[in-house]
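First up is the structure itself, then whatever we jot down about it.
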Amino acid sequence: QASVNRVANGLKKLGVEEGDRVLMRMPNIPPILVCNFAIIKIGAVSLPTSVLFARTEIAHVANVAEAKVAIVAATMLGEVEAVRSELSSVKSIVVVGGDENEVRAKGYVPYADLMKNPDQCEAVQRDRMDVSVLLFTSGTTGLPKGTAHFMEESLIVADGFGKYCWEVTDKDVIGGPAPLAMAAGYSTVGVIPFRYGAGVSLIAKFDPVSMFKN
């Protein structure tokens with residue numbers, strides 16, 4: 001919660017307001033979960049994107065969604081930089097990892113700077129039918145298409161599927177191959193475990209053996 005609040009305050013300093021879209025380009029690593037909850041906490045819209053997207057898809061998604069901020073893992077920054085001039089609505093790019101001085105020299109914001117903010121942040125209460133998450137399709141039938149998910153869906157999925165199908169408790173650990181950018185992954189690692197205090201097994205690059213070791 002402290003990490004979420006720090007990032008939330010950092011995003012507000014970057015000008016993120018209620019209803020703004022924040023694009024994320026990261027694998028399943030802890031910062032993507034922290035950022036996801038921070039975005040939603042300040043009333044903005046979480047936009048995780050597939051790690052398989054190349055520059056064309058990245059530019060398309062960012063522009064269609066009118067993303068205001070992009071949060072990108074340093075290892076995946078290349079494709080974003082390649083289309084930086086085409087990202088018409090993106091005002092700031094936050095980089096997770098990498099050399100902080102190099103990140104600043106490029107005009108980007110190190111994720112570590114967001115983590116230096118106060119660890120208290122008041123949540124923005126939104127209507128249950130407000131959009132909280134945008135997930136885009138993989139683009140197998142053309143350019144990726146956005147699908148809107150509402151505030152109430154997080155509870156519907158967790159209280160329905162998580163409770164009655166999986167019967168999740170705080171003794172469980174949940175994991176899987178799907179990234180946060182997919183609906184299955186968003187439910188599996190981004191919603192259901194946190195509703196019941198369960199553990200989450202995050203694998204940046206999925207491998208069955210590694211998942212069960214975790």
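Values computed for the structure shown
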quantity	calculated
Residues satisfying the stated conditions in region 61-82, i.e. polar (S, T, N, Q) and in contact (Cβ under 8 Å) with a residue 60 or more places away in the chain	none
All positions within region 1-19 that are open to solvent by less than 30 Å² (accessible area, probe 1.4 Å) and not polar (S, T, N, Q)	4, 7, 8, 10, 11, 15, 16, 19
Residue that is in contact (Cβ under 8 Å) with a residue 40 or more places away in the chain, of a type outside the set (A, V, I, L, M), within 26 Å of residue 76 (Cβ to Cβ) and open to solvent by 70 Å² or more (accessible area, probe 1.4 Å), where the choices are 145, 106, 116	116
Every residue from region 2-18 that is over 16 Å from residue 90 (Cβ atoms) and either in contact with a strand residue (DSSP E or B) (Cβ under 7 Å, 6 or more places away or on another chain) or assigned to a loop (DSSP other than H, G, I, E, B) (or both)	18
Residue in region 39-46 that is in a loop (DSSP other than H, G, I, E, B), open to solvent by 10 Å² or more (accessible area, probe 1.4 Å) and of a type in the set (Lys, Arg) present	no
Members of region 59-81 that are out of contact with any strand residue (DSSP E or B) (no Cβ under 7 Å at 6 or more places or on another chain) and open to solvent by 10 Å² or more (accessible area, probe 1.4 Å)	60, 63, 75, 78, 79, 81
In region 1-30, the residues that are among the basic types (Lys, Arg) and farther than 19 Å from residue 190 by Cα	12, 13
Verdict on residue 55 being surrounded by fewer than 23 Cβ atoms within 10 Å (Cβ to Cβ), in contact with a helix residue (DSSP H, G or I) (Cβ under 8 Å, 6 or more places away or on another chain) and either closer than 20 Å to residue 117 by Cα or polar (S, T, N, Q) (or both)	no
Residue in region 82-97 that is touching a Ser or Thr at 6+ places or on another chain (Cβ under 9 Å) and open to solvent by 50 Å² or more (accessible area, probe 1.4 Å) present	no
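The values are calculated or read from the model by the stated rules, or taken from the named source; none is laboratory data. On a predicted model such as this, the values are computed, not experimentally measured, just so you know. Counting neighbours? That spans all protein chains shown, and the Cβs are built from the backbone with ideal geometry, glycine included. The protein model used for the area step is the full one, side chains on, heavy atoms only, and it has no ligands, DNA or RNA in it. Shrake-Rupley method; radii C 1.70, N 1.55, O 1.52, S 1.80 Å.
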